Structures are given as C-alpha cells and as structure tokens.
1. Would you pick out the residues in the stretch 312-341 that are free of Cβ contacts under 8 Å to residues at least 12 places away in the same chain and either surrounded by 15 or more Cβ atoms within 10 Å (Cβ to Cβ) or among the polar types (S, T, N, Q) (or both)?
2. I'm trying to understand the selection: among the residues of the stretch 71-92, which are over 30 Å from the mean Cα position of the chain (by Cα) and in a strand (DSSP E or B)?
3. Here's a check for you: in the stretch 219-244, which residue that is among the charged types (D, E, K, R) and part of a helix (DSSP H, G or I) is farthest from residue 255 (Cα to Cα)?
4. Quick one: which strands (runs of 3 or more DSSP E) lie wholly within the stretch 273-381 and hold at least 2 residues that are closer than 26 Å to residue 404 by Cβ, touching a Pro at 6+ places or on another chain (Cβ under 8 Å) and modelled with pLDDT of 95 or more?
5. In the set 372, 408, which member is surrounded by fewer than 17 Cβ atoms within 10 Å (Cβ to Cβ) and in contact with a helix residue (DSSP H, G or I) (Cβ under 7 Å, 6 or more places away or on another chain)?
6. Counting only residues that are of a type in the set (A, V, I, L, M) and more than 21 Å from residue 337 (Cβ to Cβ), which one in the stretch 269-299 is farthest from the chain's Cα centre (by Cα)?
7. Only one of (1) of a type in the set (Val, Ile, Thr); (2) surrounded by fewer than 17 Cβ atoms within 10 Å (Cβ to Cβ); (3) modelled with pLDDT of 90 or more; (4) outside any helix (DSSP H, G or I) is not met by residue 216, so which one is it?
8. Select from the stretch 223-251 the residues that are of a type in the set (Gly, Ala, Ser) and surrounded by fewer than 18 Cβ atoms within 10 Å (Cβ to Cβ) and write down the one among them that is farthest from residue 274 (Cα to Cα).
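The values are calculated or read from the model by the stated rules, or taken from the named source; none is laboratory data. As the structure is a prediction and not an experimental result, all values here were calculated from the model. Backbone-built Cβ (ideal geometry, glycine too); neighbour counts: all protein chains shown.
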Amino acid sequence: MHRRAVCATKHHISMKKTFILFFALLFASSAKAQTPAKPQTTPIVLQNGTIHTATGEVLQGASLRFEKGIITAVGKDVNTQGAEIVDLQGQHVYPSLILPATAIGLNEVAQIRSTLDYAETGEFNPNVRTQIVFNTDSELLPTTRSNGTLILQPTPRGGLVSGTSAVMHADGWNWEDATLRADDGIHMNWVPMFTSGGFFSGNPGQMQKNEGRTEVLQELENIFAQALAYTQGTPTTKNLKLEAMRGLFEGTKTLFIHVDFSKEIVESIQFAQKYKVPKIAIVGGAQAIEVADFLRLQQVPVILERIHRLPYLKEENVWQPYQQPYLLKKAGVLVGLGYDTNDTEPMSARNLPFLAGTAAGYGLSPEEALQMVTINTAKILGVEAMVGTLEKGKHATIVVSKGDLLDMRTNQVTLAYVQGRKVDLTDKHKQLYEKFKGKYER
C-alpha cells in the first residue's frame, strides 16, 4: 500500500507539471512577437498640436522637433528644415506617463510560476535586481503603452527588504535596451502595527495586533546597522547583500518604504534617518495626509497607490482617496501616482492616466494632475533630467492622443515615441477588437 501511495503521488506530481507546462506553452504560442521600434534616423517635427509640457504650460497650435531621440525645439516657430513633418491637426501632445512601483515585466500569468519573477525567498534581498529580469516581451507592455505609459519602474516585493528596482522603457529588444536608469532604489516593507486575520485565524478580515513586531523590527535594526558599518568601513571580503545597500547611505539610491498608516509612516522615516539614509520616498501612503506637515518638513515625497478605492477606515470621508493628491500638494508634499504590486496590478496599471483624471476632478487642475504622473514621478525616481516634461534637451519620449489623455472617454493614443523611436501601438485588445468586429460585420 505504501508503494502504491508513493507511485500515485509521483503520478499526481508528474501530471501537475505536465498541466502547467501545457498552459505555459499555450500561453507562449498565443503571444504575438513584438518588434521593438527602430532608431530615429531623420529629424521629426510634430506640428499643429496642443502641447502639454507638464511644466504647467499648455501651447496651442504649437510644434515640437526632435533629433536623435532628443527634443531640440518646442513652440510656435520651430524650424522644419530637413525634418519629417507630422501634422497633428490639433491633437494633444504629452510627455510619457511614468508608472512607479509596478510588477509589469515581472508578472505575466499569476497561475504559472515560471512567468513570475517579482520576489525571492527570504526576508533580506537588497541584491535582487529587477533590471536584469525585466521581460521586454511581456504581453502587458503593449496595452500599457496604448494608454500613454512608456516608462515604468519594475519593483520587487516580499520580505523585509525586497530588492532593487530600475527605471525602464516599455520598449526594447532586451533589458539592456530598455534601461533608462539602473538600480534607482531599494524597497523596504515596513512592519505593520496591526495585521489582518487570515482565513484560519478565527477572525478573518479583522485587524489584530502584530504580536511579533518587536522581533522583526529588531531584525531590521540589525540589518541596517550592519549595512551602515559595512559602508563606512573597508571590508576585506565583499558581501553582495550589504554591497547592494551602499548606495542608500551614499545618496545614489532612494529608500522606497512601502507603508500606509500615519504612525507607521512617521516611524519608518525616523528609522531611515537614524541610519543616515538621505533619500527616502513613501510608497502607498494611504494615510499620508494625516502626517502631511511632517512629510513636508522632512522633504519626503509620496507615491500614492490606487486612489480608485474606498477608504481603509470607516471614519474617513468616502472621497478621501480621490482628494488626497490635491490635499498633499496643497500641504507642500511632492506627490506621484501609481498602482500597487499585487497580483492584479499589472493588468490594471494601464489605467494610470485615469487615476490622474480622477485627481483632477477633486481639487487639482488638469495640468497639476498631469504632473503627478509625469514630472513629479520623474523627480521621485531621479530621472527628471531626462524625462517628465517636454522641454529642449530632454528625451523625445512622447505620447500623442486625439483627446484628453487623462479622460477615459477621450484617451485615444495615436502616436508614441521612445527616445525618438516610433512605437508600434498594436496590442492584444486591439487585435481582439478587430477580430470580432470583422466577425459581426460579416
């Protein structure tokens, strides 16, 4: 009986592996190969458009010229000599939207483990780099590009110190081609004061005190103390994990702290300051407005995640998530918008422009809302010298839409350029639309 049970177990495992492999191959065969854009060879002038520079200025009936992937002129009297002229006929021109703290490029099919590359085992993995595992052939990238997001920050998750993120283009032959900025920051998940009871806890969904918090915080203290000492000393043997954290203390990397509640936000920032980390950013920030003055005084920016939600606490205003971008800006805090890195986020993150559109309906002007998904995020990620606005000398990473890019009713992207390279805007949604449109027309 024992031998039969073992054989049955082996047969079950074998069938399970075959089942997973079948669906992995099915997924791979159904995915259409993407051809990255070709390098820009001649100057291009986008003419007769409404240019949203993301500096707060909107230029009506203006032109934009770019050469070798760099913007060379923006305004009314732009030189067109030797350039390919693209008449926009009043369409709207924007800098690329920037999606921070995302799992796109790391998470393809949630039920197929081999397509997931966003987390490693263990609690302390600062040396894990998302840059080198970024999947430029992801089926999710074309749908994201189609709504105006050409730049993103693939972000690790899990554990206490999840790993190192990078800023990537949504187009390229491989991760090397797609890289805009390597190793921009390290991501830390702050230890919550309270946790939600799991299914078998007896109180599913109910908040309860995190009993093991003190021990986990002490573990974090040990990690950072050791990393700081390693950086300040002259180690004879290189430690890859501690070496990855060197940039935090030298100011070349940002510490992105994933935390939501007000007391924990203050506590986590004070923790980072204790270990002399100069660049800090909050990711999540559901209750950031409660500590807005503290954030302003400490000059800590916030990436608000998923404002299309209900408040976390019953006593909060039902519109609070929508109003928070405006309220934080009014308080003097630098704010960017993004989604979170859960399993459904990669599929939803194409809706990033509509988060900004919602914020524009709750206090912000349209141009202020645009800044929260362009230049503000660029500043937080440390790439504002290259992207985030349409200005002379910046990368020609540009989106053209027939209507307001932030309005889901009028967002219709017709052209996109990544460093001057014209991007193919075909995606799976459009292919299915054409397929079934043809079916019903017949």
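1. Residues satisfying the conditions are 316, 317.
2. Of everything in the stretch 71-92, those that are over 30 Å from the mean Cα position of the chain (by Cα) and in a strand (DSSP E or B) turn out to be 75, 84, 85, 86, 87.
3. The first filter runs over the stretch 219-244 and keeps only residues among the charged types (D, E, K, R), leaving 219, 221, 238, 241, 243.
Cutting the leftovers down to part of a helix (DSSP H, G or I) gives us 219, 221, 241, 243.
Working: 219: 17, 221: 15, 241: 15, 243: 15 Å.
My answer is 219.
4. Numbers: elements: 280-284, 302-305, 335-338.
In the stretch 273-381, the matching strands (runs of 3 or more DSSP E) lie at 302-305, 335-338.
5. Values: 372 fails: surrounded by fewer than 17 Cβ atoms within 10 Å (Cβ to Cβ).
The unique qualifying residue is 408.
6. Kept after step one, since they are of a type in the set (A, V, I, L, M), are these residues of the stretch 269-299: 269, 272, 277, 280-283, 286, 288-289, 291-292, 295, 297.
Add one more test, that the residue is more than 21 Å from residue 337 (Cβ to Cβ), and what stays is 272, 277, 297.
Values: 272: 22, 277: 22, 297: 26 Å.
Across the stretch 269-299, the extreme among qualifying residues is 297.
7. (4)
8. Within the stretch 223-251, the first condition is being of a type in the set (Gly, Ala, Ser), and the residues that meet it are 225, 227, 229, 233, 244, 247, 251.
The next check asks that each one be surrounded by fewer than 18 Cβ atoms within 10 Å (Cβ to Cβ); those that pass are 225, 229, 233, 251.
Working: 225: 10, 229: 13, 233: 18, 251: 15 Å.
Result: 233.
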